Each structure stands twice: as structure tokens, then as C-alpha cells.
Amino acid sequence: MGKFRFLILFGVFSNDSIAQNAILGDPLEPVPSKVTGVIDGQPPSDAIILFDGSNMDSWEHVRSGEPSMWAIKDGVLTVNNGTGTLVSKQSFSDIQMHIEWRPNSEIVGSGQSRGNSGIFMQSLFEIQMLDSWNNPTYVNGQAGSVYHQYPPLVNASNPPGEWQTYDLVFKAPRYTRKGQLEKPAFITLFHNGVLVLDHVEVLGSTFSKVPEYRAICEPYEIAEIRDCSGDLPLLLQDHGQVVSFRNIWLREL
């Protein structure tokens, strides 16, 4: 065994990618699971489908727990303004997610009042959706931002009325048994195929006056205290504007 390889194997080098991911030599195990990838827009074979155009069985009203009152037509889900934010019935930790969304083709309002919605990781960390085509606003509130924390690297928005895609990887925060933050959340986001958030460290909840991490917390709009140190549901926001969705799926990591 060469000296360089020996040093790596015994931890002299502290590079995280080497320490956590590298398998040196010619191992036969573990064999990666076989997954059918995205083909003709169809989700991977191990995806959890949250909306396929047919029903809203995976979602409910964030406060009442009643069925969604958003409208479904021709396989497209559209916010029914004022009926409330939706919460996923399942809870998640680390995920890869795909969601397609479309601001209304009719331009109404400006800034944060134009095509505004959002997808909240673990009901705490919002990735902003907004009609950001020729629509100035504060930079960490435009489409592709971690709301009030990180602006996107570029503005990859399509014109209003056109479909947009988010493909993201979310790594959930980790807490010690005593409820202390051990590792923060991280988000990577591709907007319309363009990298706009590059493994950014989430500073904490995006809706509170000051970003914070708490093992026991009150997620956005859920209005009840929960254990926030494990899996939590997603939120799909009703912000009072016309925004549509299709093809929502994720993979647990």
C-alpha cells in the first residue's frame, strides 16, 4: 500500500468528502440499489408522489386538517386564494424534490404581491416562489431564494404564465439528544435547470423575526408546539396570489 493511500485510510487527511464518501480499492459491496431515473418527465421509480394531477390525497389544510380546497383542472393544481396553506400528510427529513409551478399569466400587483407562493422544507425553511420576471423586490425574497436569507445566484425566472421547475436537495438539521443544534440545514436548488443555491447553510427558520433553530418549536402556520428535531411535513403556501402546480414528487435520502 502506498504511503499516500495509507495516510488517507487512517484519517490523516480530514477532507469531509474523503472521510465520508470515498471507498478505496475494488470493493464489491455495498451494491447500489437499482432505480429507474426520470424518463419523459416521469418520476424515478423510488419517488414518493405528492401530486400527479389526479387528486390531493397527500395534502390537507394546515390548521384544520380538512381536505384541500385548491382547484384541480386538467391535471393542474391552482391556489384557491384564501382557502389556506397546505401541509403534507407525510413527514420527511433529507430529500431530493421536484416541483413545477406557474405564476398567473395576467400580471397583477408588483413585488411580493405578484405570483407569490413558497415551498417550506419541514414547515420551517421557505424556498420562495415569485413571479420574478421584470419584477424588482428585495433580493432574498425573489424566486429561487431562501426567504429572507439567501438570494439566488442568478435570476432564472421564465415569463409569467410559463411553467418553472425547482429541483432541490434538502439536508435536514441534526440535534443532539439534549436538543442542541449539532448540524444546520443545507439547501441546493436548480431553478429551470440552473444552479441558484449551492449547498447554502440555512440560518434557521425563515418566518421568524430572527432565524432560529429549536428542537421544540412552532412551525409556520401550524400553530402548535412540536418536536422539530426529527421528520416534519412540507408546506405549500397560499399567499393570496394565483399560482399553479404540477408534477410534485420527492425521494427520501
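Every number in this text was worked out from the coordinates using simple rules, so none of it is lab data. Being a predicted model, the structure only gives us computed values, none of them experimental. Neighbour counts run over all protein chains shown; Cβ positions are idealised from the backbone, glycine included.
Potential lengthening of the chain between ILE216 and VAL38 amounts to 60.4 nm, from the contour at 0.36 nm per residue minus the alpha-carbon distance. Rounded to whole numbers, the Karplus 3J(HN,Hα) couplings from phi for the range 154-164 are 9, 8, 9, 5, 8, x, x, x, 9, 6, 10 Hz, using 6.51 cos²θ - 1.76 cosθ + 1.60 with θ = phi - 60°, and x at Gly and Pro. Fewest neighbouring Cβ atoms within 10 Å first, the residues VAL31, VAL76, VAL139, VAL87 line up as VAL31, VAL139, VAL76, VAL87. Look at GLU224, GLU66, GLU182, GLU218 and count the other Cβ atoms within 10 Å of each Cβ; fewest to most, that gives GLU224, GLU66, GLU182, GLU218. If you take all other residues with their beta carbon under 12 Å from the beta carbon of GLY179, and give Lys and Arg +1 and Asp and Glu -1, the sum is +2. Computed about its Cα centre, the charge dipole of the range 48-252 is approximately 380 debye, with only Lys, Arg, Asp and Glu carrying charge at their Cβ. Extension gain for ALA71-GLN112 works out to 12.5 nm (0.36 nm per residue, less the C-alpha to C-alpha distance).
On full extension, the segment bounded by ASN21 and VAL154 gains 44.9 nm, given 0.36 nm per residue less the C-alpha separation.
Projecting the Cα atoms of GLN128, VAL242, ILE48 onto the charge dipole of the chain, computed from C-beta unit charges around the Cα centre, puts GLN128 farthest toward the positive end.
Close amide-amide hydrogen proximity is noted between LYS89 and TRP59, GLU60, each under 5 Å apart and 5 or more residues distant or on a separate chain (H modeled in the peptide plane; Pro and chain starts excluded). Across the range 48-252, C-alpha contacts under 8 Å between residues 6 or more apart give a mean separation that, scaled by the residue count, equals a relative contact order of 32 percent. Projecting label points 7 angstrom from Cα along Cα→Cβ for ILE49 and ASP94 puts them 2.7 nm apart.
Neighbour counts of other Cβ atoms within 10 Å put HIS148, HIS98 in the fewest-to-most order HIS148, HIS98. The phi-based Karplus calculation (6.51 cos²θ - 1.76 cosθ + 1.60; θ = phi - 60°) puts the 3J(HN,Hα) values of the range 201-218 at 7, 6, 7, x, 3, 9, 10, 7, 4, 10, x, 8, 10, 9, 5, 10, 8, 10 Hz, whole numbers, x for Gly and Pro.
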